[in-house]
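The values are calculated or read from the model by the stated rules, or taken from the named source; none is laboratory data. Here the structure is a predicted model, which means the values were calculated and not measured. All Cβ positions, glycine included, derive from the backbone under ideal geometry; neighbour counts span all protein chains shown. Only protein heavy atoms, including side chains, enter the accessible area calculation; ligands, DNA and RNA are left aside. Shrake-Rupley method; radii C 1.70, N 1.55, O 1.52, S 1.80 Å.
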Amino acid sequence: MKRRTTQITAKSNITSYVEINLTVLKHNAALLKERVPDGIKTMAVVKANAYGHGAALVAHALSGSVTALGVASVEEAINIRNSGVILPILVFAPPRAGNISDYKTYNLVATVGSFYELELMSSSMSFHIEFDTGMGRLGFSPNEWPELLQKLNKSELKPSGVMTHFATADAPGSDKVNVQLQLFNKLLEDMGSWKQGKVIHASNSGGLLYYPEAAFSMVRFGIAVYGFSPSAVESIPGLKPVLSWKSCVSVCKPLKKGETVSYEANWSAPQDGWLVVVPVGYADGIRRGLSNKIEMSVAGKRLKQVGNITMDYTMLYSNEPVETGEEVVILGENAMMADEWAELLDTIPYEILCGIHPKIERRPVS
Ligand SMILES: *Cc1c(COP(=O)(O)O)cnc(C)c1O
């Protein structure tokens, strides 16, 4: 087997890094765009540091592929803007009196979901109106539309979009999505010609992939562009994980049959072998609940993770010795994927991906 040399040199203090495969990212974006009807706009959702992939990196890489970006907060938007991205950026968080000037300075699009937020807007600002059709989170109630229209008519405000968000679009064939869709369609009908020229959007990745009838004039995809299907039940062929998390062997030492490893001493060696110490732990985002359940790849070979994962170290068991400095793939190509970790933890890949500590360097590869 070809020996894989590590990218972490003996001189560096880096204990791990995250590789972002830009070719794969663009491949996923192209695949998603094929599923979007002609003339429909696309928004890449890059909140939470682009689901852990590096917000500025992803925003730049997708600049030629999508029409807009979506983020959770003004802070995230400023970070992306400052990196030189010129695409429109929609901020999902409710605007607040304290950050209105940032929307103007950085040319951000606001999401308005209450009368309080509406009062913060001015005629020079661009904003979308969000309706809560059943997500149970942010947005106006559809019942508030007549009052909202009245207020808008009396003002100089110029909303540029209308949106809603699905609660259950990650499940194909959900009744709840259809109920939300009916409510939204009814609302759009009530809007009549008022909605003309405005961008209308509802779908996240699940909406785009499982409810193509809900594309309206824009779709907002997150998880799928990073390579994961919104539903574990109906996976989308062709999507590929973009991220690989890599480290290197810190220490390898012999382990006698019966010797225990790590806190609580809940694992002992079934036979003489080797203990491989990886300098990455739950402080970095390897969730402790994965202890004794996962595998990592060392020099291309899968090794079992053994003993409790600790704050800064994770241990593996090997039948044969491995070199100090040898490459370890924690997550990604040749190792386990974020959706497999998620299943073990009874969660979703989103939480695994954005749980990789932002302090860890994201390195683009193609
Ligand atoms: C996070 C988010 C998305 C993207 O969701 P995915 O399931 O990752 O595609 C879309 N729209 C809004 C409002 C969001 O908060």
| Where a residue in segment 198-217 is on the phi > 0 side of the Ramachandran plot and its partner, wherever it lies, is open to solvent by 10 Å² or more (accessible area, probe 1.4 Å) and more than 9 Å from the ligand (Cβ to nearest atom), with Cβ under 8 Å and at least six apart | F216/I40; F216/I200
| message | I'm trying to understand the selection: among the residues of segment 143-171, which are within 16 Å of the ligand (Cβ to nearest atom) and touching a Pro at 6+ places or on another chain (Cβ under 8 Å)? | response | A169, D170
| query | Just checking, how many residues over segment 11-43 are among the hydroxyl-bearing types (S, T, Y), part of a helix (DSSP H, G or I) and free of Cβ contacts under 8 Å to residues at least 60 places away in the same chain? | reply | 0
| message | I'd like the residue in segment 145-180 that is part of a loop (DSSP other than H, G, I, E, B) and within 18 Å of K198 (Cα to Cα) and, out of all such residues, is most open to solvent (accessible area, probe 1.4 Å). | response | E156
| note | Conditions (1) among the charged types (D, E, K, R); (2) within 16 Å of the ligand (Cβ to nearest atom); (3) assigned to a loop (DSSP other than H, G, I, E, B) -> K359 fails only (2)
| message | I'd like to verify a number: residues in segment 300-317 that are open to solvent by 10 Å² or more (accessible area, probe 1.4 Å), touching a strand residue (DSSP E or B) at 6+ places or on another chain (Cβ under 7 Å) and not in a strand (DSSP E or B), how many? | response | 1
| query | Would segment 201-209 turn up any residue that is surrounded by fewer than 17 Cβ atoms within 10 Å (Cβ to Cβ), among the small types (G, A, S) and at pLDDT 95 or above? | reply | no
